[in-house]
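Engineer: Before I ask anything, here is the structure I am working with.
The values are calculated or read from the model by the stated rules, or taken from the named source; none is laboratory data. The shown structure was predicted, so the numbers you read here are calculated from the model rather than taken from an experiment. Here the Cβ positions follow ideal geometry from the backbone for every residue, glycine too, while neighbour counts run over all protein chains shown. Heavy atoms of the whole protein, side chains included, go into the accessibility calculation; ligands, DNA and RNA do not. Shrake-Rupley method; radii C 1.70, N 1.55, O 1.52, S 1.80 Å.
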Amino acid sequence: MTLLQFDRLTVAVSGRPVLRRVTLDVAAGEAVGLVGESGSGKSMTVRSVMRLLPAGATVGGTVRFDGADVGALDAAGLRRMRSRDVAMVFQDPRAVVNPVRTVGDFLTEVLRDQGTGRSEATRRAAAALSEVGVGDAMRRLQQRPYELSGGLLQRVVIAAALLTGPRLILADEPTTALDTTTQEEVVAILAEQRRLRGTTLMFITHDLELAAAVCDRIAVMYAGEIVEILPAARLHSDARHPYTRALLGSRPGAVAPGERLRTVPGVPQSALTAPPGCVFADRCPHAEARCRDVRPVFTGSAACHLLEVL
Ligand code: SF4
Ligand code: MG
């Protein structure tokens, strides 16, 4: 069953294109990684699910959640989706958690808003906290955000995201602000908890390997478009789009073991200045004359004129 469906989603902000014809089906229970450089439209794609687009945004195409057109939801439907069905985890937990209130207040607030009594809300908050590995959960509930490290606080945010039993979690670079070891632990917790619950996940990252470790499928974005979609388990063997290959490193051994951050030669394209043809044409080592003028159609798993020969 398809839980989330993007159908030719196109977004412009103040007349400038930021997303173009994003088309992707996410099955219930699936984890899909959205990977690309900054500015490629990853955040905008997931924010459009919650209708959290900047003022002045115009939207074409549709986003459907559980069959319903998100753009057509009334206020009550939107509130239900935001508070119950879909949860978001952002890059910086300190921007989400009220700094002067306790972790317990933060966690129980959502449940209290839904009519859960105080002691029951506290019990469930403590249970959710202990599942994300924060040590003494009862003690954590009394603490305030500044008393916790970034990694611990992001675990609190993950616990909060899981608390209402959402069907979908949208995680936007949830560990980018953390050091590498903490990153891996926090991502492992998120992946494990969502797998246990069968929660659908969209996981945004610029790190292809990290996405492959957490997700079932990977969608690679460039300049506001999805250029390739492939199974995570076959990332290295099946990647065909020149941009995906560039992200992976073009030669075996091109990247030292354990090294994650790869750079692709050239300057990232923005959707605003992308050529009429292939969005990757300016940086692609295989570009031909037609690449700049004729937009490649997304066939099978990727959008590239040369898929047959690459
Ligand atoms: Fe490169 Fe052309 Fe394929 Fe675009 S269509 S990725 S420019 S070969
Ligand atoms: Mg972003």
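Engineer: Could you run through segment 18-38 and say how many residues are open to solvent by less than 50 Å² (accessible area, probe 1.4 Å), in a loop (DSSP other than H, G, I, E, B) and over 27 Å from Gly165 (Cβ atoms)?
Structural biologist: Qualifying residue count for the region: 2.
Engineer: Filter segment 42-60 for residues that are part of a strand (DSSP E or B) and open to solvent by 60 Å² or more (accessible area, probe 1.4 Å) and give the result.
Structural biologist: Answer for segment 42-60, where residues must be part of a strand (DSSP E or B) and open to solvent by 60 Å² or more (accessible area, probe 1.4 Å): Thr58, Val59.
Engineer: Those residues that are of a type in the set (Lys, Arg) and surrounded by fewer than 17 Cβ atoms within 10 Å (Cβ to Cβ), I need them from segment 188-210; list them, please.
Structural biologist: Within segment 188-210, Arg195, Arg197 meet the criteria.
Engineer: Just one of the numbered conditions (1) touching a residue at least 60 places away in the same chain (Cβ under 8 Å); (2) open to solvent by 10 Å² or more (accessible area, probe 1.4 Å) is not true of Ala213; which one?
Structural biologist: That leaves (1) as the condition not met.
Let's see how each residue does on (1) within 16 Å of ligand 1 (Cβ to nearest atom); (2) under 26 Å from Arg79 (Cα atoms); (3) of a type outside the set (A, V, I, L, M, F, W, C):
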position: Pro17; (1), (2), (3): no, no, yes
position: Thr23; (1), (2), (3): no, yes, yes
position: Glu30; (1), (2), (3): no, yes, yes
position: Gly33; (1), (2), (3): no, yes, yes
position: Gly36; (1), (2), (3): yes, no, yes
position: Ser40; (1), (2), (3): yes, no, yes
position: Val46; (1), (2), (3): no, yes, no
position: Val49; (1), (2), (3): no, yes, no
position: Leu52; (1), (2), (3): no, yes, no
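Engineer: Report, ordered by the first and then the second residue, all pairs with beta carbons closer than 8 Å, sequence separation of six or more or different chains, a first member in segment 265-293 that is over 16 Å from His241 (Cα atoms), and a second member that is near ligand 1 (Cβ under 8 Å from one of its atoms) and not in a loop (DSSP other than H, G, I, E, B).
Structural biologist: From segment 265-293, the pairs are Pro275/Arg292; Pro276/Arg292.
Engineer: Moving to a separate point now. Which condition breaks for Ile169 when tested against (1) at pLDDT below 95; (2) touching a strand residue (DSSP E or B) at 6+ places or on another chain (Cβ under 6 Å)?
Structural biologist: (1)
Yes/no matrix, rows are residues, columns are (1) within 16 Å of ligand 1 (Cβ to nearest atom); (2) touching a strand residue (DSSP E or B) at 6+ places or on another chain (Cβ under 6 Å):
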| position | (1), (2) |
| --- | --- |
| Glu192 | no, no |
| Thr199 | no, yes |
| Ala212 | no, no |
| Pro231 | no, yes |
| Ala239 | yes, no |
| Arg245 | yes, no |
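Engineer: Here is a further query. For segment 155-194, give me the residue count where each residue is in contact (Cβ under 8 Å) with a residue 40 or more places away in the chain, part of a helix (DSSP H, G or I) and closer than 23 Å to Glu30 by Cβ.
Structural biologist: Within segment 155-194, residues that are in contact (Cβ under 8 Å) with a residue 40 or more places away in the chain, part of a helix (DSSP H, G or I) and closer than 23 Å to Glu30 by Cβ number 12.
Engineer: Given the structure, is Leu111 of a type in the set (A, V, I, L, M) and either open to solvent by 40 Å² or more (accessible area, probe 1.4 Å) or more than 21 Å from Asp207 (Cβ to Cβ) (or both)?
Structural biologist: Criteria met by Leu111.
Engineer: Do we have any residue at all in segment 119-142 that's touching a Phe, Trp or Tyr at 6+ places or on another chain (Cβ under 9 Å) and part of a loop (DSSP other than H, G, I, E, B)?
Structural biologist: Within segment 119-142 (the criterion being touching a Phe, Trp or Tyr at 6+ places or on another chain (Cβ under 9 Å) and part of a loop (DSSP other than H, G, I, E, B)), the answer is no, since none of the residues qualifies.
Engineer: Output the number of the condition that Arg84 fails; it satisfies all remaining conditions of (1) under 21 Å from Arg167 (Cβ atoms); (2) open to solvent by less than 70 Å² (accessible area, probe 1.4 Å).
Structural biologist: For Arg84, the exception is condition (2).
Engineer: Now for a different question. Which of the residues belonging to segment 276-310 are farther than 17 Å from Gly266 by Cβ, within 26 Å of the chain's Cα centre (by Cα), open to solvent by less than 80 Å² (accessible area, probe 1.4 Å) and of a type in the set (A, V, I, L, M)?
Structural biologist: Residues satisfying the conditions are Ala302, Ala303.
Let's see how each residue does on (1) closer than 23 Å to Thr164 by Cβ; (2) open to solvent by 80 Å² or more (accessible area, probe 1.4 Å):
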{"residue": "Arg16", "(1), (2)": "no, yes"}
{"residue": "Ser40", "(1), (2)": "no, no"}
{"residue": "Thr62", "(1), (2)": "no, no"}
{"residue": "Leu78", "(1), (2)": "yes, no"}
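To keep it simple, each residue is scored yes or no on (1) of a type in the set (Gly, Ala, Ser); (2) touching a strand residue (DSSP E or B) at 6+ places or on another chain (Cβ under 8 Å).
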residue: Pro275; (1), (2): no, no
residue: Cys278; (1), (2): no, yes
residue: Asp282; (1), (2): no, no
residue: Pro285; (1), (2): no, no
residue: Arg290; (1), (2): no, no
residue: Asp293; (1), (2): no, no
residue: Val297; (1), (2): no, yes
residue: Ala302; (1), (2): yes, yes
residue: Glu308; (1), (2): no, no
